[in-house]
Amino acid sequence: MKKLSGTTVNAFFSGMSNGGQILACYTGAVQVYTYTGPHNFYRAAGLNASGRLGRAYGGEWWADESVLIEIAQKLQRAEYWMTQSERQKAWPAQYRALTALCEDWNDMSEMFKLELPAGESIEGLAGPAKE
């Protein structure tokens with residue numbers, strides 16, 4: 001479950017030295033949400049353009065499962081006017097667009113899943129990311 005938190009963005013970043021760097025990755029309104037399990041988050045990872053492990057392995061950026069569900073629903077609606085091959089190519093493109101994952105950051109060769117257990121809660125930021 002995802003609901004708007006009572007925590008302000010400034011309070012969320014208190015004690016973090018990289019708050020400015022994180023906020024610089026967003027455009028528009030950023031809000032703090034409380035996620036309560038069971039809830040799943042995903043992160044694509046892999047090699048960057050130089051062939052080294054991309055920063056995605058740092059674990060800072062996770063996509064809410066609802067983002068992947070949204071992609072699947074859009075592609076399901078397109079099954080009558082897009083070929084299977086086109087939909088297979090559209091999946092990673094949609095994921096990159098909705099999560100603002102640049103092509104040279106990682107090749108999406110791996111997908112990680114974070115499972116938030118039932119009854120446990122975490123806070124996180126959500127908002128439109130810069131392209």
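Table for the structure above
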read-out	value
Those residues of the stretch 102-131 which are in contact with a helix residue (DSSP H, G or I) (Cβ under 8 Å, 6 or more places away or on another chain), farther than 30 Å from GLY6 by Cβ and surrounded by 15 or more Cβ atoms within 10 Å (Cβ to Cβ), in sequence order	TRP105, ASN106, MET108
Scan of the stretch 13-28 for residues that are under 18 Å from the mean Cα position of the chain (by Cα) and of a type outside the set (Val, Ile, Thr), ordered by number	GLY19, GLN21, LEU23, ALA24, CYS25, TYR26, GLY28
Elements of type strands (runs of 3 or more DSSP E) contained in the stretch 1-80, each with 3 or more residues being loosely packed, with under 15 Cβ neighbours inside 10 Å	2-4
Residues being in a loop (DSSP other than H, G, I, E, B) and modelled with pLDDT of 85 or more - total across the stretch 108-122	3
Single match in LEU98, LEU125 (criterion: part of a strand (DSSP E or B) and under 13 Å from the mean Cα position of the chain (by Cα))	LEU125
Members of the stretch 39-75 found to be within 20 Å of GLU123 (Cα to Cα) and at pLDDT 80 or above, listed by number	HIS39, ASN40, PHE41, TYR42, ARG43, TRP62, ALA63, ASP64, GLU65, SER66, VAL67, LEU68
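The values are calculated or read from the model by the stated rules, or taken from the named source; none is laboratory data. Note that the structure is a prediction, hence the values are computed from the model and not measured. Here Cβ is always computed from backbone atoms with ideal geometry, including for glycine, and neighbour counts include all displayed protein chains.
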